[in-house]
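Have a look at the structure below before the remarks.
The values are calculated or read from the model by the stated rules, or taken from the named source; none is laboratory data. Everything numeric in this text was worked out from a predicted model, so none of it was measured. In this analysis, Cβ positions are derived from the backbone assuming ideal geometry, glycine residues included, and neighbour counts consider all displayed protein chains.
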Amino acid sequence: MKNNKKPGYIYNILIVVFLAVFLTVGFISIDRGTSKKISPDLKWSERMALSIMQRNPEAWQIEFNSSPKWGYTHGLVLSSFLKLYDQTKEKKYYDYVENYTSTLVQDDGSILTYDIGDFNIDQVNAGNVLLSVYKKTHEEKYLLALQMLREQLKWQPRTSEGGFWHKLRYPWQMWLDGLFMGSPFYTRYVGEFNEPKCYDDIINQFTIMEKHARDSVTGLLYHGWDESHIQRWADQKTGCSKNFWGRAMGWYGMALVDVLENLPEDHPGREKLVSMLNGLVDAIIPYQDESGLWYQVVDKGDKEGNYLEASASCMFAYTVAKGVNRGYLDEKYLTYAQKCYDGIINHLIEVDENGEVHITNVCSVAGLGGDPYRDGSYKYYVSEPKRNNDPKATGPFILASLELNK
């Protein structure tokens, strides 16, 4: 009887061993795919890009999503990947981008999670990625999606002077963020599809914000402006919000240099935008911390609760470096961008044992109005949560790294 039971006993043992090996190999293969050592010999731009890819095997995951989503942060980060691809010719960076667009854009040109009826200017930003992918693939579905985003801009609600509302549910309001969300795509689209008369409309978006949101004393720009002056966050005389939020001006600076990159050289509005860019940079430089970084609320660095914030600092580094490299700013300004970048590396970047790069001290989100209501107070801005590796910092970090050749 003992001999009769032995084969079954051994068989059961073999099954257990087989399952253990199978599962172990499976887990090892998963680990191998997500924790590959990143070489410190690479430039910071590639090290951050590879870190993003390891943390987020699918590009739609970069905003900490559990399912595919169309969003401005995806457009921001993936635009930086396309610039990295242009410089390195490493196809994996382009493939990461196209995997996102092929997932989000359906065969009929519709875009997952996008609703044109929201008239949300944020949703236009990722169109920059579609323009690049369409130019390479010539797939019909991308053209249809691009035309839909263009249609949104045609019907986007506007202020009395022609400025795009930030969202349909934020009536009569323009935010600095919106200049980056809409204008670079708008500029590229009308250039690609021959709508030159629209360049004046693009210039006007900046003109309106300069007129209403720029502070005459400091030269800094307020986060938002409400033409109706009825929002609780708005000053009753000016319609402006109450504080100078760093990332809002970061969005604005990036919008200026990105629009200038694609605005025709002979357009009469170029000099106006260059002057605005110089005014912005001259305004923020006095508030640069000795570390090279900028604060969450730019002009209140010595106030309790304020902190050196990563996304604004990365955006300013990119804006100034690109402005110098393209000839919009004098070369003397490059030292400020380099100082900021060094501050980011020294104070905000952490590298783990696998070489994965992490960026810290990123304001997760900030806005005006809404539910729960955001009043634009100092307390509001410094109380919003911070998180690591937020795409609003990782994307501009790659862009700044490329401009500074780091």
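Filtered by the rule that a residue be closer than 18 Å to Q123 by Cα and touching a residue at least 40 places away in the same chain (Cβ under 8 Å), region 151-168 gives G163, F164, W165, H166, K167, L168. Among all positions in region 188-198, there is no residue which is crowded, with 21+ Cβ neighbours inside 10 Å, within 21 Å of N306 (Cβ to Cβ) and either at pLDDT below 95 or within 22 Å of the chain's Cα centre (by Cα) (or both).
No other residue among K339, K322, K332 is among the charged types (D, E, K, R), at pLDDT 95 or above and buried (at least 23 other Cβ atoms within 10 Å of the Cβ) apart from K322. Filtering region 251-261 for residues that are surrounded by fewer than 19 Cβ atoms within 10 Å (Cβ to Cβ) and over 14 Å from the mean Cα position of the chain (by Cα) leaves a non-empty set.
When you check R387 against the structure, is it at pLDDT 95 or above, touching a Gly at 6+ places or on another chain (Cβ under 8 Å) and surrounded by fewer than 23 Cβ atoms within 10 Å (Cβ to Cβ), yes or no? Here the answer is no, as R387 does not meet what is asked.
All of R232, R188 fail the test of being more than 27 Å from N278 (Cβ to Cβ) and in the same structural domain as V365 (by TED's automatic domain parsing), apart from R232. Applying the criterion of being of a type in the set (G, A, S) and touching an Asp or Glu at 6+ places or on another chain (Cβ under 6 Å) to the residues of region 210-239, the residue that is surrounded by the most Cβ atoms within 10 Å (Cβ to Cβ) is A234.
Within region 160-195, being charged (D, E, K, R) and not in a loop (DSSP other than H, G, I, E, B) holds for K167, D177, R188, E192.
Just one of the listed residues (L221, L260) is at pLDDT 95 or above and over 28 Å from P372 (Cα atoms), and it is L260. The residue that is surrounded by the fewest Cβ atoms within 10 Å (Cβ to Cβ), counting only those in region 277-305 that are touching a strand residue (DSSP E or B) at 6+ places or on another chain (Cβ under 9 Å) and aliphatic (A, V, I, L, M), is A283. When residues in region 240-285 are screened for being in a helix (DSSP H, G or I), of a type outside the set (K, R) and free of Cβ contacts under 8 Å to residues at least 40 places away in the same chain, 2 of them pass.
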